[in-house]
Amino acid sequence: MDYSTQTVAQLKDILKSKGLSTEGKKADLVARLNEQEQPVQEEIKEDPKTEEPENEQSKPEQESTLTVIQPQPKEETKEEPKEEPKKLTPEERKTLAIELLNKKIQRAEKFNDEEAVNQAKKDLIRVEKFGVELGTSLARELGLVNNQLKDGFRNNKGKFKPTYHKKFHKKRY
């Protein structure tokens, strides 16, 4: 199977289903899957050589087992996206936020963006003092809050019509 055409998320799902480590870059994941698949392919190649002198009825059995194996990884990928957001203690959230903000500061300094550096430093000081609240944009960046839930007026978009006062809303011709 050509694993290089699949996404990293799909590769990780396949690795989980086979009980292998899911850490590393895409090239590492593909290499790990290929290494795991090579012994399986060698066994399949060896089996037909030993079975050729025997009956031909064993060949259709191998094909049927291959069709049964293929749908299983697809079913597992449907179940996994239902995961809930992470439940972390305030200290763990704080350390994650500090790491993220330090990375932001380093990136901003690398590209000489003084405004972003100052903003990230202010955010860092605030996080060190008060921690991270779940309703903030920083919590969404860290993945602590479901991104599908929007806050503020975004939920009410299109539900309210603006009211104009006749005195202030004049038609211009």
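The residues of the range 1-16 that are assigned to a loop (DSSP other than H, G, I, E, B) and under 14 Å from Glu35 (Cα atoms), listed by number, are Met1, Asp2. Residues in the range 105-119 include none that are in a helix (DSSP H, G or I) and either at positive phi or modelled with pLDDT under 85 (or both).
The values are calculated or read from the model by the stated rules, or taken from the named source; none is laboratory data. All of these numbers come straight from a predicted model, not from anything done at the bench.
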